[in-house]
Amino acid sequence: MVVAACRSEQETSVAEARDNVPAAVKGEMSTTETVGATGRNHGYIRRFYQQKGQYYVTVDYIQFLNGADAVAAAQRKGDAQVDVQNGDTIYSVFNDYYIVNDSPRQRTFRLADQAVLTLWNKTGELRQYNATPPKW
């Protein structure tokens with residue numbers, strides 16, 4: 001399971017220019033709601049807890065988009081940055097990524113102790129790290 005802790009669409013549109021987005025983030029891409037061995041999902045962790053010796057995580061799925069897909073999604077939502085160059089309208093998104101979170105539905109999963117969560121930490125410079133539930 002891949003879980004992202006990223007900014008919302010609104011935060012993305014006003015993000016500070018000093019953000020340094022690592023190549024690993026630029027290479028990320030979400031599938032939509034596919035779940036299973038072949039699905040790659042990103043989401044906001046809404047709750048992480050332990051109950052009766054079992055670990056659980058509540059996730060709000062998102063689509064993490066970059067490149068042309070990010071720009072197209074931002075255009076549909078009216079969030080794309082607009083620039084006119086030589087009479088042509090150019091659309092873009094800050095740092096070449098955009099997060100779509102259209103569904104408020106949250107899902108809770110029981111995690112095995114050896115499950116590996118891939119997380120993004122933005123307490124300083126954006127960095128990726130892996131953690132098992134007991135270590136987290």
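Inspect all residues belonging to segment 116-132 and state whether any of them is in contact with a Ser or Thr (Cβ under 7 Å, 6 or more places away or on another chain), exposed (fewer than 15 other Cβ atoms within 10 Å of the Cβ) and closer than 22 Å to Gln50 by Cβ.
Yes, because at least one residue in segment 116-132 is in contact with a Ser or Thr (Cβ under 7 Å, 6 or more places away or on another chain), exposed (fewer than 15 other Cβ atoms within 10 Å of the Cβ) and closer than 22 Å to Gln50 by Cβ.
Yes or no: segment 53-61 includes at least one residue that is at pLDDT 90 or above, on the phi > 0 side of the Ramachandran plot and out of contact with any strand residue (DSSP E or B) (no Cβ under 6 Å at 6 or more places or on another chain).
Yes, the conditions are met somewhere in segment 53-61.
Among the numbered criteria (1) part of a strand (DSSP E or B); (2) touching a Phe, Trp or Tyr at 6+ places or on another chain (Cβ under 6 Å), which single criterion is violated by Gln75?
Tallying (1) part of a strand (DSSP E or B); (2) touching a Phe, Trp or Tyr at 6+ places or on another chain (Cβ under 6 Å), Gln75 fails exactly one: (1).
Could you count how many residues in segment 75-111 are out of contact with any Asp or Glu (no Cβ under 7 Å at 6 or more places or on another chain), within 30 Å of Pro134 (Cα to Cα) and open to solvent by 60 Å² or more (accessible area, probe 1.4 Å)?
Number satisfying all stated conditions: 4.
The values are calculated or read from the model by the stated rules, or taken from the named source; none is laboratory data. Because the structure is predicted, anything quoted here is derived from the model rather than measured. Virtual Cβ from ideal backbone geometry, glycine too; neighbours counted across all protein chains shown. Surface areas here come from the heavy atoms of the whole protein model, side chains and all, with no ligands, DNA or RNA. Shrake-Rupley method; radii C 1.70, N 1.55, O 1.52, S 1.80 Å.
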